Amino acid sequence: MSGAPKLLIVDDAADICQLPMVYYAGRGYGVWVAYDGGSAQGLAVRDQPDLILLDLGPPDIDGLEACRRSHAVNGVILSI
């Protein structure tokens, strides 16, 4: 997966993550999924994704705050 764009999907509902996960993996992205804000923060710091698809209402952290924190590490965030 070296050189492939990296995507982090963050949503507490696993079924919501399935469609973008399959879509982007089929187009050559390395895809990581986090089901809570804490896991998302760890993955964002560790893996430096190129794109983050973020649920704005995860149960453990305000989605907008997660965007602020992630933006400090990464460039592009899309909310879902």
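Which FRET efficiency, nearest 0.05, do residue 47 and residue 15 yield, Cβ-Cβ r, R0 22 Å?
It comes out at approximately 0.40.
Given H placed 1.01 Å from N in the peptide plane, which residues other than close sequence neighbours of residue 56 have an amide H under 5 Å from its amide H?
80
Which net charge results when you count Lys and Arg as +1 and Asp and Glu as -1 among the other residues whose beta-carbon is under 11 Å from that of residue 29?
Taking every Cβ under 11 Å from that of residue 29, the sum is +1.
Readers should treat all values here as calculations from the given coordinates under stated rules, not as data from a laboratory. All values reported here derive from a predicted model rather than from experimental measurement. Because the Cβ atoms are built from the backbone with ideal geometry, glycine has one as well, and the counts that use them run over all protein chains shown.
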